[in-house]
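Inspection log for the structure reproduced underneath, given as structure tokens.
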Amino acid sequence: MASMGDMGAGLGMLIVETIAKVRRAYFTQGKSIKAICREFRLSRKVVRKVIRSEATEFRYERGRQPLPRIDPWRDQLDGLLLANEEKAARERLTLIRVFEELRGLGYEGGYDAVRRYARVWRAARRWPRPMCR
């Protein structure tokens, strides 16, 4: 059976159970913030946030993914993606190769932005989907 210290480690986000355990340790058991941090492997900032707030869940969701560096390059990227899609399946470039070609043209942004843009671009090209049965 896992110890209490292992429960909150490595999850990436604070869950209701961990929040309850932190509050119980601080208010009921009278443990210090430093001891709670060690036990649950959380930062002091997070422990203080849990103790001071009434919230039962903490979540962050970005509303919109900005495209500041890719915007000036959209036309070139659309052209590369369209040309790539028209090729035979065997001759198509991987997305990393498309990114490298775009970098050759002078694009300074990251691969992840190109990958996200290509995913949305492909989804827009496939809609409406033909009925296949």
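The values are calculated or read from the model by the stated rules, or taken from the named source; none is laboratory data. Given the structure is predicted, the values throughout are model-derived calculations rather than measurements. Because the Cβ atoms are built from the backbone with ideal geometry, glycine has one as well, and the counts that use them run over all protein chains shown. Side chains are part of the model used for accessible areas, which takes the heavy atoms of the whole protein and leaves out ligands, DNA and RNA. Shrake-Rupley method; radii C 1.70, N 1.55, O 1.52, S 1.80 Å.
Of all the residues in the range 29-42, those that are open to solvent by less than 90 Å² (accessible area, probe 1.4 Å), in a loop (DSSP other than H, G, I, E, B) and modelled with pLDDT of 95 or more number 3. Sub-6 Å Cβ pairs linking a first residue in the range 1-28 that is open to solvent by 70 Å² or more (accessible area, probe 1.4 Å) to a second residue that is part of a helix (DSSP H, G or I) and modelled with pLDDT of 85 or more, at least 6 apart or interchain, are Tyr26/Ile51, ordered by first then second residue. Taking the condition among the aliphatic types (A, V, I, L, M), touching a helix residue (DSSP H, G or I) at 6+ places or on another chain (Cβ under 8 Å), farther than 30 Å from Glu17 by Cα and surrounded by 13 or more Cβ atoms within 10 Å (Cβ to Cβ), does Leu102 pass? In short, yes.
A count restricted to the range 60-79 and to residues that are open to solvent by less than 80 Å² (accessible area, probe 1.4 Å) and among the acidic types (Asp, Glu) stands at 2.
Taken together, the residues in the range 43-62 that are part of a loop (DSSP other than H, G, I, E, B) and more than 10 Å from Ile33 (Cα to Cα) amount to 10. Going by what's in this entry, would Glu57 be described as under 30 Å from Gly106 (Cα atoms) and exposed (fewer than 12 other Cβ atoms within 10 Å of the Cβ)? No. Restricting attention to the range 80-99, the residues that are more than 24 Å from the chain's Cα centre (by Cα) and surrounded by fewer than 11 Cβ atoms within 10 Å (Cβ to Cβ) add up to 6. Put simply, of Leu81, Leu93 the only residue that is closer than 22 Å to Arg125 by Cβ, in a helix (DSSP H, G or I) and modelled with pLDDT of 90 or more is Leu81. Under the condition of being in contact (Cβ under 8 Å) with a residue 40 or more places away in the chain and more than 18 Å from Val120 (Cβ to Cβ), which residue from the range 53-78 is nearest to the chain's Cα centre (by Cα)? My answer is Arg59.
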